[in-house]
Amino acid sequence: MHTHPTLLSRLFDAFNYLLLSLVGLAMFLPFVYVVITSFSNQNTVWPTEFSLEPYRYIFSTHTFMQSIGVSVYITLAGTFLSLLTTALMAYSLSYKVLPGRSGILLMVLFTMVFQGGMIPTYFVVKNLHMLDTTWSLIIPGMISAFYLIVMRDFFSSVPPELLESAKIDGAHELTVLLRIVFPLSLPALAAFGLFYAVGIWNQYFNAILYINKPDLWPVQVILRQIVILASAGLGSGDGGESVAYYGQGVKMAVIVVSTLPIMIVYPFLQKHFAKGALMGSVKG
């Protein structure tokens, strides 16, 4: 029997809506401020006039478009390789009969607590002849131990009867992985793919360490250089004065440019989340 909500429950719902609305505004308004300030033509706290000068300065940098291409390349290639290697290793470790499974898991967990550090990692990259190459931005952090453990647990939740029935029908191990396990795991693959992509797109410290060629710098390094120039009021030619004048706008434009690609991609991945959840349901 349907019961009408009481006055107390209505007040509680109204309070929740108000609280969530305030939290949403607190998260959304700073981004609105960043976007508005990026179109400012004055180095002030709050913009008073509309101008495209900050964006004009950013896109006039001769290495900017090249750095965009580098970032897109390492993000696509790195995300694909990271997701592929993580999924393959997680699928192998999901088998309890795998020889040496416990030892491998122990080594994976060991890397979550103890790491080699910056200098040993640099020498590893150097000895593998990956300095001044885009591989130095992809291979060192290709597999996340945490994502690997979570994905292994996700694969372990797949009903073993489903896998056994496919093998009885003559399906190869690779066929089982591609035709059954991956479709059932699309939500996890899409989520971890997004995490990998955001991490690779936003990285700049590894590029500073491993790459000395400006033409191989990702966009985050170039934007960092622009922010430094804007803060110091420096530039090339007659652009120096404009950078000092539009310093605040340039900084905000840098934030918009660096976050816009991920914001564009996310809605499409959100659709894949829902689609993957639908495909992941086992129909009886």
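Quick notes on this structure:
- Net charge contributed by nearby residues that have their C-beta within less than 12 Å of residue 105 (K/R +1, D/E -1): +2
- Whole-Hz couplings from phi, Karplus 6.51/-1.76/1.60, listed for segment 164-176; x for Gly and Pro: 5, 5, 5, 5, 5, 6, x, 6, 6, 4, 5, 5, 4
- Local net charge near residue 222, Cβ-Cβ under 15 Å (Lys/Arg +1, Asp/Glu -1): +2
- Over all pairs of different C-alpha atoms, segment 1-131 has a mean inverse distance whose reciprocal, the Kirkwood radius, equals 22.1 Å.
- Rounded Å value of the spacing that divides the Cα centres of segment 137-200 and segment 69-91: 13 Å
- Put a plus charge on the Cβ of each Lys and Arg, a minus charge on the Cβ of each Asp and Glu, and nothing anywhere else: the dipole of segment 39-176 about its Cα centre is then about 340 debye.
- The slack between residue 77 and residue 167, meaning 0.36 nm per residue of separation minus the straight C-alpha distance, is 29.2 nm.
- Once the Cα gyration tensor of segment 102-220 is diagonalised, semi-axes √(5λ) in Å: 35, 17, 13
- Annotation: peptides 50-60, 77-87, 115-125, ranked by per-residue average of other Cβ atoms within 10 Å with the highest first, follow the order 77-87, 50-60, 115-125.
Every number here is computed from the coordinates shown, using simple stated rules; none is lab data. Here the structure is a predicted model, which is why all the values come from computation and not from measurement. Note: ideal-geometry Cβ built from the backbone for every residue, glycine included; neighbour counts use all protein chains shown.
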